[in-house]
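Peer 1: Before I ask anything, here is the structure I am working with.
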Amino acid sequence: MPTGSPEEMQSMTKQWMDWIGSIAAQNKLVDRGNRLGEEGKVLRPNNVVTDGPYTEIKETLGGYTLVKANSFEEAVELAKGCPIFSVGGTVEVRPIDQM
Amino acid sequence: MEHQEMIPHLFRTEYSKIVSVLGKLVGFEHIEIAEDIAGDTFLLATETWSIKGLPENPAAWLYTVAKNRAKDHLKRNNIFFEKVKPGIQRSNSELHEIEIDLSNKNIIDSQLQMMFAICHPLIPAEAQIGLSLRILCGFGIEEIADAFLSNKETINKRLFRAKEKLRKEKVRIEFPGISEIDARLETVLTTLYLLFNEGYYSLSQNTTLRKDLCMEAMRLNYLLADDPHTNKPPVNALLSLMCFHASRFDARLNQNGEIILYDDQDTALWDENLITQGEFYLNRAATGDKLSKYHLEAAIAYWHTKKDDTAEKWESILQLYNQLLQVEYSPIAALNRTFALAKARGKQTAIIEAEKLKLTTNHLYYALLGYLYTDIDNQQALTHLQAALKLSKSTPDKETILKSINKIQEYR
């Protein structure tokens, strides 16, 4: 969960909204997506269920956004404005392979 | 109102009422009959009134004539038995029982049901607007042609095809069922929205006609907002949007029908009454769990009724555009968002964003870039404005762009 004063929170929200708004203004937004909660369950073979996301990796998936782009480069350009960088996060750009 | 002005106005409103009620009675199969009867009624009224003067209650006079003509026609052509009350044995006494209900309630119900029939997803939006103007607003074919910058023949063809389609698909003049109403209402609202825009942004030089189009779109929207079936949040939101826009109608055009830009408008000409109404309907729209694009556009229009440039105003407008673009992309919303961005975050930030839009066939895109570069890099500004001028098609647009070019050149 993000922490900070109400002003910081509001400023953070604005940055996210501006970023999503910018992608939408380029008509490249498919779905703004969602944040993912921190808690979760992990299922393994043979009905093994444990709490929490994978603990082995340092980075957990915090959220997703779907965009449309003609190339990786274009998608990377869109990702560059993501406010997650200002709090030390990273963005991974992945294509969706149609099933 | 002067006699000369009153009659066309009266004909227009009463035409739509009579056609809706009769149309509801005979269905789309025979809609022409309803139109003919209304037309004949007005012809007779024009002849009679020019000799005898206006009757005391012109609307009641029209209804009586229309009723009698309708009865005659239905009787003569067996339509009553085939369509209205099939299976009833024909006898003279029963012919007198044909009820043509021109009460206020039935008029409004019929108009609403007609609205759903006309604004039907089966026919193209353009045809929906045309039919609405003809049947729901009582506009003449010539007026419709004028509004669309088209000719009578094209409009006639368009309306004919649309009516054929509705007939063929057996579209009924009725309220949609409860489960469908939201989806069907969406089509109706889109048509009203386009109808309003047709008036507001039309290239037609006929200012009176343009204002009438807006007023008609609002009147139909009021009918929806007043009816318990259709008094839904997006209906109120759209009405609010129209009120806010219409409040600037007199301020945004000069005597020659040319556009006066928002920044240059005389706020004394803004209609306070309509602004208050807009606020009323915006409040009424604030229920339910769905934020429609009309809510967002109405909220943007609300902020535009505040002339002072405050940080709060432009930040709010920017965020509303950010949301609007997620609901529905349009080039104009993208451009307006970038303008708001300039106001809220400065021109430098906005230039970077504007250049990502790449709307290179849109003159407004270059006009925006011209505006953003003005005072930052005037040479760039001029290059963009020249590109805008080259792409623009209408005279008012060209004039506005030329003014910006001249302004920059004066300072050099």
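Peer 1: With a cut-off of at least 1 residues that are of a type in the set (Ser, Thr, Tyr) and more than 22 Å from B:LEU213 (Cα to Cα), name the helices (runs of 4 or more DSSP H) lying wholly within segment B:236-337.
Peer 2: In segment B:236-337, the matching helices (runs of 4 or more DSSP H) lie at B:311-327.
Peer 1: Got a sec? Which of B:ALA342, B:ALA350, B:ALA333 is within 12 Å of chain A (Cβ to nearest Cβ), of a type in the set (A, V, I, L, M, F, W, C) and more than 23 Å from the chain's Cα centre (by Cα)?
Peer 2: Among B:ALA342, B:ALA350, B:ALA333, only B:ALA350 is within 12 Å of chain A (Cβ to nearest Cβ), of a type in the set (A, V, I, L, M, F, W, C) and more than 23 Å from the chain's Cα centre (by Cα).
Peer 1: From B:LYS398, B:LYS343, B:LYS390, grab the single residue that is farther than 19 Å from A:GLN26 by Cβ, touching a Ser or Thr at 6+ places or on another chain (Cβ under 6 Å) and free of Cβ contacts under 8 Å to residues at least 60 places away in the same chain.
Peer 2: Result of the check over B:LYS398, B:LYS343, B:LYS390: B:LYS398.
Peer 1: If you take the residues in segment B:199-235 that are among the charged types (D, E, K, R) and not in a helix (DSSP H, G or I), which one is nearest to B:PHE280 (Cα to Cα)?
Peer 2: Applying the filter and picking the extreme gives B:LYS232.
Peer 1: Sticking with this structure for a sec: Run B:LEU369 past the list (1) within 18 Å of B:TYR262 (Cβ to Cβ); (2) hydrophobic (A, V, I, L, M, F, W, C); (3) surrounded by 20 or more Cβ atoms within 10 Å (Cβ to Cβ) and report the number of the one that doesn't hold.
Peer 2: Result: B:LEU369 fails condition (1) only.
Peer 1: Now a separate question. Take segment B:345-381 and flag every residue that is in a loop (DSSP other than H, G, I, E, B) and among the small types (Gly, Ala, Ser).
Peer 2: B:GLY346
Peer 1: Still on this model: Quick check on A:GLU8: is it part of a helix (DSSP H, G or I), over 13 Å from the mean Cα position of the chain (by Cα) and away from chain B (no Cβ under 14 Å)?
Peer 2: Yes: the conditions hold for A:GLU8.
Peer 1: Related question: Taking the condition over 23 Å from A:ASP31 (Cβ atoms), free of Cβ contacts under 8 Å to residues at least 40 places away in the same chain, within 12 Å of chain A (Cβ to nearest Cβ) and surrounded by 14 or more Cβ atoms within 10 Å (Cβ to Cβ), does B:ILE317 pass?
Peer 2: Yes: the conditions hold for B:ILE317.
Peer 1: Here's another thing I want to ask about it. Check A:VAL30, A:VAL87, A:VAL42, A:VAL48 and return the single one that is exposed (fewer than 14 other Cβ atoms within 10 Å of the Cβ), more than 12 Å from chain B (Cβ to nearest Cβ) and touching a strand residue (DSSP E or B) at 6+ places or on another chain (Cβ under 6 Å).
Peer 2: A:VAL42
Peer 1: Here's another thing I want to ask about it. Out of all the residues in segment B:262-277, is one or more hydroxyl-bearing (Ser, Thr, Tyr), modelled with pLDDT under 95 and out of contact with any Ser or Thr (no Cβ under 6 Å at 6 or more places or on another chain)?
Peer 2: Yes, segment B:262-277 has at least one match.
Peer 1: Given (1) among the aromatic types (Phe, Trp, Tyr); (2) under 22 Å from A:ILE23 (Cβ atoms); (3) surrounded by 19 or more Cβ atoms within 10 Å (Cβ to Cβ), identify the lone condition not met by B:TYR329.
Peer 2: The one condition B:TYR329 does not meet is (3).
Peer 1: Check whether at least one residue in segment A:90-99 is in a strand (DSSP E or B) and either within 18 Å of B:ILE352 (Cβ to Cβ) or at pLDDT below 85 (or both), and report yes or no.
Peer 2: No: segment A:90-99 contains no residue that is in a strand (DSSP E or B) and either within 18 Å of B:ILE352 (Cβ to Cβ) or at pLDDT below 85 (or both).
Peer 1: Select from segment B:215-242 the residues that are farther than 19 Å from B:ASP289 by Cα and more than 14 Å from the chain's Cα centre (by Cα) and write down the one among them that is surrounded by the most Cβ atoms within 10 Å (Cβ to Cβ).
Peer 2: B:ASP227
Peer 1: Looking for whichever is more than 14 Å from every other protein chain (Cβ to nearest Cβ), in a helix (DSSP H, G or I) and exposed (fewer than 15 other Cβ atoms within 10 Å of the Cβ) here; the options are B:LYS398, B:LYS403, B:LYS393. Which one fits?
Peer 2: Answer to the selection: B:LYS403.
Peer 1: Among the residues that make up segment B:243-250, is at least one of them more than 24 Å from B:LEU325 (Cα to Cα), in the same structural domain as B:LEU136 (by TED's automatic domain parsing), touching a residue at least 40 places away in the same chain (Cβ under 8 Å) and surrounded by 22 or more Cβ atoms within 10 Å (Cβ to Cβ)?
Peer 2: No, because not a single residue in segment B:243-250 is more than 24 Å from B:LEU325 (Cα to Cα), in the same structural domain as B:LEU136 (by TED's automatic domain parsing), touching a residue at least 40 places away in the same chain (Cβ under 8 Å) and surrounded by 22 or more Cβ atoms within 10 Å (Cβ to Cβ).
Peer 1: Would you call B:PHE196 surrounded by 21 or more Cβ atoms within 10 Å (Cβ to Cβ), within 13 Å of the chain's Cα centre (by Cα) and modelled with pLDDT under 95?
Peer 2: Yes, satisfied.
Peer 1: Taking segment B:114-172 only, how many residues are among the aliphatic types (A, V, I, L, M) and more than 18 Å from the chain's Cα centre (by Cα)?
Peer 2: Qualifying residue count, segment B:114-172: 4.
Peer 1: Looking at segment B:39-58, which of its residues are surrounded by 14 or more Cβ atoms within 10 Å (Cβ to Cβ) and not in a loop (DSSP other than H, G, I, E, B)?
Peer 2: Hits for segment B:39-58 are B:GLY39, B:ASP40, B:THR41, B:PHE42, B:LEU44, B:ALA45, B:THR48, B:TRP49, B:PRO58.
For (1) of a type outside the set (A, V, I, L, M); (2) within 14 Å of chain A (Cβ to nearest Cβ), each residue gets a yes or a no:
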site: B:LYS293; (1), (2): yes, yes
site: B:GLU297; (1), (2): yes, no
site: B:ILE300; (1), (2): no, yes
site: B:TRP303; (1), (2): yes, no
site: B:ASP308; (1), (2): yes, no
site: B:GLU312; (1), (2): yes, yes
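Peer 1: Go through (1) out of contact with any Phe, Trp or Tyr (no Cβ under 6 Å at 6 or more places or on another chain); (2) modelled with pLDDT of 95 or more; (3) over 19 Å from A:LEU78 (Cβ atoms) for B:ALA340 and report which single condition fails.
Peer 2: Evaluating B:ALA340 over (1) out of contact with any Phe, Trp or Tyr (no Cβ under 6 Å at 6 or more places or on another chain); (2) modelled with pLDDT of 95 or more; (3) over 19 Å from A:LEU78 (Cβ atoms) leaves (1) as the failure.
The values are calculated or read from the model by the stated rules, or taken from the named source; none is laboratory data. All values derive from a computational prediction rather than experimental measurement. Cβ: placed from backbone, ideal geometry, glycine included. Neighbour counts: every protein chain shown.
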